[in-house]
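What follows is a single structure, written as structure tokens, with notes after it.
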Amino acid sequence: MKKFKFGTHLLHADTTSFSVYGDYEDEDEVDFRTIRITYGHSKDHRDDLKQFVMSMVSNQHGIPLFTQPYSGNESDKKILLETILKVRQNLNLKDRAYYIADSAFYTEKNLQTLGRHTFWISHVPATLSPAKSLLSAEIPMVPGQDPGYSFHECVMDYGEIPQKWVLVSSEKGRQRQEKTFERNLKKRIELARKSLKKLKAKPFACEPDARRAAERWFADHPFLRPDGIRITTSQKKTNKKRGRPRKEDIVETVFSFDSPLEVIPEVIEREKRCLGRFVLATNDVDLDADTILKYYKGQQSVERGFRFLKDKSFRVAEVFLKKESRIEALSMLMVLCLFVYAAAEWFLRAKLKESGATVKNQLKKPVQNPTMKWIFTVFMRPAEVILSVNSQSKRFIVNLEDETLDILNVMGPSFRNYYFVRESCEM
């Protein structure tokens with residue numbers, strides 16, 4: 001960090017899970033000084049496999065600064081808070097920095113623990129009542145600097161921490177969600193039809209019970225009209241035998257309800273208007289909405305890091321270890337690989353911008369922000385050749401094309417030396 005000065009203005013915290021195969025020891029036999037390989041919420045959608053969890057903090061360039069493995073059943077709420085506290089304790093941040101996390105971080109306890117002087121930006125859970133109201137509110141939105149976004153700002157005091165909430169409306173997000181909205185609506189109606197049919201077949205002891213059950217059901221399905229509720233009565237034998245009641249059979253009157261299944265168009269339209277919306281929050285009330293969104297969107301940097309670790313082409317995250325302590329050590333090596341990858345990518349991009357040079361991407365277009373994965377692909381062509389002539393070995397590199405030479409020249413002398421390129425070529 002002192003040598004390259006890549007900065008820590010934004011600190012993105014997140015977690016992921018790594019599924020593992022094989023039988024691991026029961027919890028009673030595990031060394032509790034280490035993590036536990038056990039079942040938990042799988043972000044790989046492999047609930048059938050045991051797992052461990054990794055937390056990581058990356059800066060705005062995706063370079064990891066901190067990592068720690070956790071047991072497979074640890075809570076994200078707890079992990080994210082611990083992670084931020086450890087980074088705050090161990091990194092001497094002279095300039096203002098923002099810790100950025102997803103909605104799992106946003107709890108009253110976590111906000112109160114960090115206090116007012118550690119700045120953060122977080123996605124507000126849509127399950128919170130104030131967030132629900134804001135997401136569905138008919139309020140004016142102000143266009144952002146990016147024409148695809150509009151905002152509504154308000155001041156909140158959640159968890160006794162003064163903060164700014166920003167309701168964000170994304171046009172691309174709305175269009176993306178609209179594609180699945182109609183399909184999901186059909187599924188919702190079909191599930192509601194089955195649920196209503198089951199409830200209509202249920203007998204109730206009195207008319208108020210039947211009416212209350214119907215009202216509760218329609219309250220859980222607000223997009224369906226409850227106006228046509230009709231209570232009916234029928235006779236039921238107490239001995240539960242089949243067939244018509246005989247004169248000597250004891251019968252009782254039971255109540256049930258009937259109602260047509262009618263969708264309320266106004267509710268559906270209101271739901272559609274709320275598509276593409278989400279709420280961001282920060283305790284730095286001086287930040288404007290465009291900046292808050294820009295900083296939060298950088299959360300993709302740590303997510304890209306997790307994708308690197310799980311990318312099968314890199315073969316970094318393959319776990320063939322039994323002891324939990326060795327899995328902990330492996331997780332550190334995994335992130336060390338990511339550190340080298342991300343730092344190299346940042347270094348190349350910085351050098352390209354500094355020199356004004358470009359490299360060709362996969363589409364043969366000149367860019368200044370190539371991925372290091374593509375650069376690695378380019379550098380699979382050069383090969384080292386060793387020739388023995390008169391008992392003397394000579395080493396040289398073949399397949400050094402102009403493209404690879406241009407990249408080496410941008411990267412500098414220490415990189416050229418690996419390929420025996422002594423002098424810089426004009427780009």
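The values are calculated or read from the model by the stated rules, or taken from the named source; none is laboratory data. Predicted model, so just to flag it, every value in this text is computed and none were measured. Methodologically, a virtual Cβ is constructed for each residue, glycine included, from the backbone with ideal geometry; neighbour enumeration extends over all protein chains shown.
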- Is at least one residue of region 20-30 out of contact with any Gly (no Cβ under 8 Å at 6 or more places or on another chain), at pLDDT below 85 and among the small types (G, A, S)? yes
- Item | Failed condition for T113, given (1) farther than 28 Å from R326 by Cβ; (2) crowded, with 19+ Cβ neighbours inside 10 Å | (2)
- Examine region 64-85 for a residue that is outside any loop (DSSP other than H, G, I, E, B), among the hydroxyl-bearing types (S, T, Y) and in contact with an Asp or Glu (Cβ under 8 Å, 6 or more places away or on another chain), and state whether such a residue exists. no
- Task: Give the residue, chosen from G72, G22, G7, G40, that is under 15 Å from I327 (Cβ atoms) and either surrounded by fewer than 17 Cβ atoms within 10 Å (Cβ to Cβ) or free of Cβ contacts under 8 Å to residues at least 12 places away in the same chain (or both).
- Result: G22
- Task: Quick one: in region 193-235, of everything that is within 14 Å of I264 (Cα to Cα) and surrounded by 13 or more Cβ atoms within 10 Å (Cβ to Cβ), which residue is modelled with the lowest pLDDT?
- Result: P226
